[in-house]
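Just so it is clear, none of the values below were taken in a lab; they were calculated from the coordinates. In this text, all values refer to a predicted model and were calculated from it rather than measured experimentally. Neighbour counts run over all protein chains shown; Cβ positions are idealised from the backbone, glycine included.
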Amino acid sequence: MTDNRQERIRRRAHAIWEQAGRPDGAHQQHWDQAAAEIDREESRPKAKAARPKAPAGPKASKPKAAARPRKG
């Protein structure tokens, strides 16, 4: 187990323990839960860099063409 992964698990297990009210005797359950969460995180495909969103508001790409008069 890499030191970085172990440190991440340790920190997450500590957070789980605190959220649970700091109970005695649940170290292994908290560690296992943290390890499972970290493993899921690491197994997800990496997200591609997000593209910047277009500015909100009316589209500025192309002006609408005027309607053609009907022949009739």
All positions within the stretch 1-33 that are over 23 Å from the mean Cα position of the chain (by Cα), of a type in the set (A, V, I, L, M) and surrounded by 13 or more Cβ atoms within 10 Å (Cβ to Cβ): Ala26
Residues satisfying the stated conditions in the stretch 1-10, i.e. part of a helix (DSSP H, G or I) and without any contact (Cβ under 8 Å) to a residue 12 or more places away in the chain: Asp3, Asn4, Gln6, Glu7
